[in-house]
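Colleague: My structure is below; once you've seen it, I'll send some questions.
The values are calculated or read from the model by the stated rules, or taken from the named source; none is laboratory data. Since the structure is predicted, the reported quantities are computational estimates derived from the model, not experimental observations. In this analysis, Cβ positions are derived from the backbone assuming ideal geometry, glycine residues included, and neighbour counts consider all displayed protein chains.
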Amino acid sequence: MRNFDTMSMVKNMDINFDLRNIKEAVTKKNFYIRSLSLIFGVCLLALNYNLFLVPNHFVIGGTSGLALILQKLFSLEPAIFIGLSSVVLVILAFFLLGWDEAKRCLIGSIMYPVFITITKPIATLLVPHFVFDSSLIVTLIAGILYGVSNGLIYKTGFNTGGSDILMKIINKYGRMPEGKAIFFVNLLIMIGGLMVFGVNNFVYSLIILYLSTVLIDRILIGISSSKLFLIYTKEEEKVKTFIMNELNSGVTIFDAKGGYSGEKSHVLMCVVPNKDYYYFKETVLEIDKNAFFVINDCYEVTGGKLRRNLPFN
């Protein structure tokens, strides 16, 4: 077994293939279906925000949660704050993370505040018809809608910017794993919600956040935090370069032999976070359309080199 987990070995390889064209091909794949899914997901997310989160002051983190706090303190319209903060964060993403990352956030960052504005009068008409005896019922409905809408959005390979951009900036320059970065950012915002709206709203917000997280994972590819890929490919060096240079992750290569043919070959093993599942799988298939995958749930990753670069620590 050979373990290739150092960046220097890849940088010295003379491998001529255009990763940018491959990434563009992944972006264009199922474009219309993914676009419809993105539009529906953002629309549902915005409607849920106006229909349940805003009237009940549920602060679940992100710029939308911070907008509720500022609305209470300064009477600032949430859509205005979310729109302005999205512009600032996308600009930061462009300069600090690069155009490719900013592009993934750009569409959702524009659509979300627009749909919040569009769905606000619709929500105003519907609010009187959504009166429940228990706040817990409202919380459960809000959590389900929030999880389903975000799951649809993430499944397209895009996001709505906001705290996702902050998470990546902190991960890159603060050397903090993305999971911890998003946890601390949202925790600070939720603590602000606790101070402004009280304990009851804070507890309901936690329930929504937990329920939506479970649903997002299930909609994407299950409930594990990451996936273990075992890959057989004729384009071993190209796939290895993509994993190490693009994902900043390690890859282990096993010596293997075909049971029927007896042909000697290699199998690559790599752990990929759930949110990058679609991007990773489709990119490898663009490199080698005949690549063979075995994909397993991966619930915990311990040890190994380059751990500081892995976003799921």
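Colleague: Could you tell me whether the stretch 114-134 includes any residue that is free of Cβ contacts under 8 Å to residues at least 60 places away in the same chain and crowded, with 23+ Cβ neighbours inside 10 Å?
Modeller: Within the stretch 114-134, not a single residue is free of Cβ contacts under 8 Å to residues at least 60 places away in the same chain and crowded, with 23+ Cβ neighbours inside 10 Å.
Colleague: Which residue pairs have Cβ atoms under 8 Å apart, sit 6 or more places apart or on different chains, and have a first residue in the stretch 232-260 that is closer than 30 Å to Lys172 by Cβ and free of Cβ contacts under 8 Å to residues at least 40 places away in the same chain and a second that is surrounded by fewer than 20 Cβ atoms within 10 Å (Cβ to Cβ) and not acidic (Asp, Glu)?
Modeller: Glu236/Ile253; Glu236/His266
Colleague: For a quick check of your reading: which helices (runs of 4 or more DSSP H) sit entirely within the stretch 194-313 and have at least 3 residues that are at pLDDT 90 or above and of a type outside the set (D, E, K, R)?
Modeller: In the stretch 194-313, 199-220, 277-287 are the helices (runs of 4 or more DSSP H) which contain 3 or more residues that are at pLDDT 90 or above and of a type outside the set (D, E, K, R).
Colleague: Got at least one residue in the stretch 128-140 being of a type in the set (Ser, Thr, Tyr), assigned by TED's automatic domain parsing to the domain that holds Met167 and modelled with pLDDT of 95 or more?
Modeller: Yes, because at least one residue in the stretch 128-140 is of a type in the set (Ser, Thr, Tyr), assigned by TED's automatic domain parsing to the domain that holds Met167 and modelled with pLDDT of 95 or more.
Results for (1) surrounded by fewer than 17 Cβ atoms within 10 Å (Cβ to Cβ); (2) over 22 Å from the mean Cα position of the chain (by Cα), shown as yes or no for each residue.
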| site | (1), (2) |
| --- | --- |
| Ile208 | no, no |
| Ser212 | no, no |
| Ile231 | no, yes |
| Lys240 | no, yes |
| Ala256 | yes, yes |
| Lys275 | no, no |
| Ile287 | no, yes |
| Ala291 | no, yes |
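Colleague: Identify, by number, the condition in (1) free of Cβ contacts under 8 Å to residues at least 12 places away in the same chain; (2) farther than 25 Å from Ala93 by Cα that Leu206 doesn't meet.
Modeller: Among (1) free of Cβ contacts under 8 Å to residues at least 12 places away in the same chain; (2) farther than 25 Å from Ala93 by Cα, Leu206 violates only (1).
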